[in-house]
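Following: one structure in structure tokens, then a few remarks.
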Amino acid sequence: MTVHLFTGLDDPWSWALRVVRKAQREGRLLWVLVPGADVNRVLSRWCAADPQGFLGMAPPRASVSVRRRSRIHVFDADEPVDRVSPDAHLLHLAPQVHPLASSFDTVLDAVGLDATEVQAGRRRFRAYQAMGLEVRHRPTSP
């Protein structure tokens, strides 16, 4: 299992939307972990980014039938997740590493330019390593 840590992102939420769109195009099963305080704002922003487009996402607390039909699952990082699909990829947008991160096929982690985000990214880097995961640093230029 590999963690791809993307750093230096000037707008992690726009970058994440590109990842979500790509996963949807490719039919990948993607779990998106978002801090609870940001969930509604992020979903609104992503839907407003392309009003004519369609992102088939299952929002947090969606019913089992909605999740079953969706390839993109958005989760509130502050709520427990009990089970992970074996072929799922994780788009990690939360400040702390999720305890089930090692259960995913691949983890994509976004780190912005803000000093607070950089420090949180460093803590996640060390946490991934402590979990025994291979971490590949992917610096981006703003």
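Out of curiosity, is residue 127 of a type outside the set (Lys, Arg), in contact with a Pro (Cβ under 8 Å, 6 or more places away or on another chain) and not in a strand (DSSP E or B)? Show your work before the answer.
On the way: of a type outside the set (Lys, Arg): yes; in contact with a Pro (Cβ under 8 Å, 6 or more places away or on another chain): no; not in a strand (DSSP E or B): yes.
No, not satisfied.
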Within segment 109-128, residues open to solvent by 30 Å² or more (accessible area, probe 1.4 Å) and either of a type outside the set (A, V, I, L, M) or under 12 Å from residue 97 (Cα atoms) (or both) come out as 114, 116, 117, 119, 122, 123, 125, 126, 127
Whichever residue in segment 117-142 is β-branched (Val, Ile, Thr) and at pLDDT 95 or above and, among such residues, is nearest to residue 35 (Cα to Cα):
118
With respect to the numbered conditions (1) assigned to a strand (DSSP E or B); (2) within 15 Å of residue 90 (Cα to Cα); (3) of a type outside the set (D, E, K, R); (4) open to solvent by 20 Å² or more (accessible area, probe 1.4 Å), which one is the sole condition not fulfilled by residue 24?
(1)
Subset of segment 67-98 that is among the acidic types (Asp, Glu) and assigned to a loop (DSSP other than H, G, I, E, B) - its residue that is nearest to residue 26 (Cα to Cα):
87
In the set 48, 37, the lone residue that is open to solvent by 20 Å² or more (accessible area, probe 1.4 Å), farther than 26 Å from residue 125 by Cα and either in a helix (DSSP H, G or I) or modelled with pLDDT under 90 (or both) is 48
Output the residues belonging to segment 65-75 that are open to solvent by 20 Å² or more (accessible area, probe 1.4 Å) and closer than 11 Å to residue 33 by Cβ.
75
Open to solvent by 20 Å² or more (accessible area, probe 1.4 Å) and either closer than 22 Å to residue 129 by Cα or among the aromatic types (Phe, Trp, Tyr) (or both) - does that describe any residue in segment 54-61?
yes
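The values are calculated or read from the model by the stated rules, or taken from the named source; none is laboratory data. Being a predicted model, the structure only gives us computed values, none of them experimental. Neighbour counts run over all protein chains shown; Cβ positions are idealised from the backbone, glycine included. Please note that ligands, DNA and RNA were not included when accessible areas were found on the heavy atoms of the full protein model with its side chains. Shrake-Rupley method; radii C 1.70, N 1.55, O 1.52, S 1.80 Å.
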